[in-house]
Amino acid sequence: MYDAETPAQSPRPFATFERMESQVRSYSRSFPAIFDRAEGSWQYDSEGKGYIDFLTGCSVLNYGHNHPAMKQALIDYIERNGVVHSLDMHSRAKAEFLEALEGKILKPRGMTYRAQFTGPTGANAVEAAMKLARKVTGRTNIIAFTNGFHGVTLGALSATGNSHHRGGAHTPLNGVTRMPYCGYFGQDVDTAAQLEQMLSDPSGGVDDPAAIIVEPVQGEGGLNVASAEWMRKIEKIAHKHGALFIVDDIQAGCGRTGTFFSFENMGVKPDIITMAKSLSGMGLPMALVLVKPELDQWSPGEHNGTFRGNCHAFVTAKAAIDTFWSDDRFAAEVQKTGERLRKRLREIALANRSVVKGIKGRGMMCGLDVGSSEVSDPVVDAAFKRGLIIETSGAHDQILKVLAPLNITDADLDAGLDILADCVAEVAERQALGSAA
């Protein structure tokens with residue numbers, strides 16, 4: 001009989017994974033443990049060792065593991081035999097989520113959107129957004145940006161910049177024009193002006209776009225941050241040229257940058273917003289496309305997905321909104337914690353100038369730029385051995401990316417950052433000794 005309090009000592013599960021699971025797995029290679037339980041900012045392996053989680057499911061668990069409010073809401077729903085799966089039929093769980101979304105997220109921010117539930121991942125939301133933009137405008141071209149990451153299904157992958165993921169398609173990826181993101185050529189080059197020039201030139205070679213899709217903070221692309229001015233310019237360019245303005249808030253949304261939407265203080269009003277990851281609040285699969293009402297031009301069933309009616313996710317998503325977003329207090333706490341994080345990262349950078357090139361990101365979506373995987377990989381390995389889970393991002397895996405829970409305690413945040421600081425220092429010293437040899 002399984003006992004949650006008794007660690008499993010057998011190594012056999014590793015052999016099971018080797019025998020049964022595809023070679024495509026990746027995170028398990030960086031974090032070779034069998035995780036058994038989790039609470040708050042911590043995960044525990046089958047031998048009882050605890051790990052501070054600075055990955056949080058790649059920003060799926062913004063409120064930490066097994067938050068009691070969401071867990072209890074789900075338990076109560078299951079115990080009363082609430083509907084589990086509903087396709088796109090009406091359910092009480094969906095209605096209550098939509099009412100919370102409208103009343104506590106959209107209306108206070110002066111937003112009016114229709115909600116389209118897609119398949120369970122962010123890529124599904126991006127696919128739907130791109131398809132709808134093409135339907136509404138009658139055009140095919142989508143403008144995306146360097147270092148953008150929007151998913152790995154074929155449509156979303158066409159808008160993704162990463163060559164490793166694009167290479168996995170093994171088929172041409174069409175219908176997207178890549179343009180330079182904010183700051184791609186340095187802060188003195190206005191890439192929005194470049195885009196406007198190319199679209200305005202009849203010989204610029206860029207087909208009229210159906211949409212421009214952009215991440216306000218590029219998570220997988222290296223924590224690159226768009227300025228508010230640049231975002232406003234891109235929105236204006238999109239509308240001037242008859243395109244829809246799509247904001248991909250899948251990783252940067254749900255409070256990760258300090259506000260529920262990452263673009264809230266930028267003065268933009270996206271035509272379409274894609275969301276997923278932490279939307280359910282508890283790691284349950286759920287993706288959402290927010291569409292301005294006049295653009296909701298789908299025919300019934302024209303775009304669908306079997307798991308667009310995950311009622312368990314609706315329940316926990318409502319609980320997350322009720323718990324954290326009923327007023328402004330949580331946002332203020334996240335912003336304060338983000339300042340604490342950035343201060344500590346700055347201290348680590350100053351103490352290790354030989355390997356740390358700078359700090360990237362915004363809010364609780366920050367990290368250290370260490371230049372290359374030659375530095376980041378050994379830091380990740382050393383940190384894991386000491387009980388910290390942290391990943392990399394960027395074109396060269398050069399960013400040590402901190403995605404701690406938004407509600408992490410100061411003590412846990414500091415403990416994780418202490419481990420990170422020690423590991424960066426060790427790798428810097430090792431490299432200095434190697435260079436001197």
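The values are calculated or read from the model by the stated rules, or taken from the named source; none is laboratory data. What you see is a predicted model, and the numbers here were worked out from it, not measured in a lab. Here the Cβ is made from the backbone with ideal geometry for all residues, glycine too, and neighbour counts use every protein chain on show. Just so you know, the surface numbers come from the protein's heavy atoms only, side chains and all, with ligands and any DNA or RNA stripped out. Shrake-Rupley method; radii C 1.70, N 1.55, O 1.52, S 1.80 Å.
In the P(r) worked out for segment 130-264, what percent of Cα pairs fall beyond 18 Å? Distances greater than 18 Å cover 53 percent of the Cα pairs.
Stretching the chain fully between residue 102 and residue 198 yields a gain of 30.7 nm (0.36 nm per residue, less the alpha carbon separation). In segment 345-389, the ratio of gyration radius to Kirkwood radius, Rg to Rh, stands at 0.97 when only Cα atoms are counted. Computed log10 I(q)/I(0) for segment 205-244 at 0.19, 0.20 Å⁻¹: -0.62, -0.67, from the Debye equation with unit scatterers placed on every C-alpha and solvent omitted.
Taking 1.306 mPa s as the viscosity and 10 °C as the temperature, the Stokes-Einstein diffusion coefficient of segment 60-128 based on its alpha-carbon Kirkwood radius rounds to 110 µm²/s. In the structure shown, the pairs 49/318; 240/269; 131/318; 107/131 are assessed against 25 Å; a Cα-Cα span above that value is assigned to 49/318; 131/318; 107/131. What the Cα atoms of segment 221-268 give is an Rg and a Dmax of 11.4, 32 Å. Within the shell of other residues whose beta carbon sits under 13 angstrom from the beta carbon of residue 262, the net charge comes to 0, with Lys and Arg scored +1 and Asp and Glu -1. Cross-linked pairs 94/336; 94/277; 71/104: Cα-Cα separations exceed 24 Å for 94/336. If R0 equals 25 Å, the separation of the Cβ atoms of residue 415 and residue 30 corresponds to a calculated FRET efficiency of about 0.80.
Checked against a 22 Å cut-off, the cross-linked pairs 236/401; 236/292; 233/292 give Cα-Cα distances beyond that limit for 236/401. A 1.4 Å probe run over the protein chains yields, for segment 1-159, 54 Å² of accessible area per residue, whole-number rounding. For the chain, the pair-distance distribution built from all alpha carbon pairs, in bins 20 Å wide starting at 0, is 25, 58, 17, 0 percent. When GluC sites (Glu not before Pro) are flagged only if DSSP places them in a loop and at most 14 other Cβ atoms lie within 10 Å, the longest unflagged stretch of the chain comes out as 48-301.
Share of pairwise Cα-Cα distances greater than 27 Å in segment 291-437 is 41 percent (whole percent). The eigenvalues of the Cα gyration tensor, multiplied by 5 and square-rooted, give segment 181-251 an equivalent ellipsoid with semi-axes of 21, 15, 10 Å from largest to smallest.
Of 162, 62, 124, the residue with the greatest mean-square motion in the GNM of the chain, using alpha carbon springs below 10 Å, is 162.
What net charge do the residues around residue 287 carry, taking every other residue with its C-beta under 12 Å from that of residue 287, with Lys and Arg at +1 and Asp and Glu at -1? Charge balance near residue 287 sits at -1.
Using the rule -39500 (n - 2.57) for each DSSP H run of four or more residues, divided by the residues of the chain, the 222 nm mean residue ellipticity is -11500 deg cm²/dmol. In loop segments of segment 296-356 as defined by DSSP, the trypsin sites (Lys or Arg not before Pro) with at most 15 further C-beta atoms inside 10 Å of their C-beta are 353. Spread over its residues, the convex hull of the C-alpha atoms of segment 161-218 is 112 Å³ per residue.
With only Cα atoms counted, segment 42-197 has Rg and Dmax values of 20.6, 59 Å. The mean sequence distance of close C-alpha pairs (under 8 Å, at least 6 residues apart), as a share of the length of segment 358-418, puts its relative contact order at 33 percent. For segment 293-363, the ratio of Cα radius of gyration to the globular rule of thumb 2.2 N^0.38 Å stands at 1.88.
Only Cα pairs under 8 Å and at least 6 apart count here; give the relative contact order of the chain as a rounded whole percent. Relative contact order, the chain: 22 percent. Given a 10 angstrom Cα cut-off, can you work out which residue in 354, 278, 59 is the most mobile in a GNM of the chain? Of 354, 278, 59, the Gaussian network model singles out 354 as fluctuating most.
Using the empirical formula 2.2 N^0.38 Å as the baseline, the Cα radius of gyration of segment 182-328 reaches a ratio of 1.18. The mean sequence distance of close C-alpha pairs (under 8 Å, at least 6 residues apart), as a share of the length of segment 139-202, puts its relative contact order at 30 percent. The equivalent ellipsoid that matches the C-alpha gyration tensor of segment 1-128 spans semi-axes of 34, 19, 17 angstrom, in descending order.
Within 10 Å, at most 13 other Cβ atoms, and a DSSP state outside H, G, I, E, B define an exposed site. Report the longest part of the chain free of exposed chymotrypsin sites (Phe, Trp or Tyr not before Pro). So the longest stretch without any such site is 186-437. Bridgeable aspartates and glutamates around residue 343 (alpha carbons under 14 Å apart, same-chain partners fewer than 8 residues away excluded): 410, 414, 418.
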